[in-house]
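Heads up, the thing below is written out as structure tokens.
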Amino acid sequence: MRNGSHPPRSLADGFDLRALPADFHEDPFPYYAALRLHAPVKCLPDGSYFLTRFKDCEAVYKDTGHARLRAPYDEPGLQRSPAAHARAQAHPWRAGSTGDQ
């Protein structure tokens, strides 16, 4: 993506978290830009969804009608066993999260 050009749709179309392209870890930003532009809510081959925009993530997270979509990343205090709560809190995705982003 140089000189203000848009990332190609092919980067978004072929994106799969379980089979990342060889160059993804070195420079993931073109992929993220392509996903935000062409597929901000990307349905992955395994049936899961990959959201790339904060507002979309926030909307899903706050939608209590679809609370099962948040697990195991929901907030403390919701009904769950102490062991399940500890596993969710220890998940790497939550590491360093302040919850106020």
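Computed from the coordinates by the stated procedures, all read-outs in this text should not be read as laboratory data. Worth saying up front: this structure is predicted, and the values here are computed from it rather than measured. Note: ideal-geometry Cβ built from the backbone for every residue, glycine included; neighbour counts use all protein chains shown.
Quick notes on this one:
- From phi via Karplus (6.51, -1.76, 1.60), per-residue ³J(HN,Hα) for the stretch 7-15 in Hz, x at Gly/Pro: x, x, 4, 4, 5, 7, 4, x, 6
- Estimated distance in nm for a label pair at Glu58 and Ala39, the labels positioned 7 Å out from Cα along Cα-to-Cβ: 2.6
- Estimated vicinal HN-Hα couplings, Hz - the stretch 33-45 in sequence order (Karplus 6.51, -1.76, 1.60; Gly, Pro = x): 5, 5, 5, 4, 7, 9, 8, x, 10, 8, 7, 8, x
- Going from the residue with the fewest nearby Cβ atoms within 10 Å to the one with the most, Cys57, Cys43 rank Cys43, Cys57.
- Using a Förster distance of 25 Å, the FRET efficiency for Asp27-Phe50 (Cβ separation, nearest 0.05): 0.90
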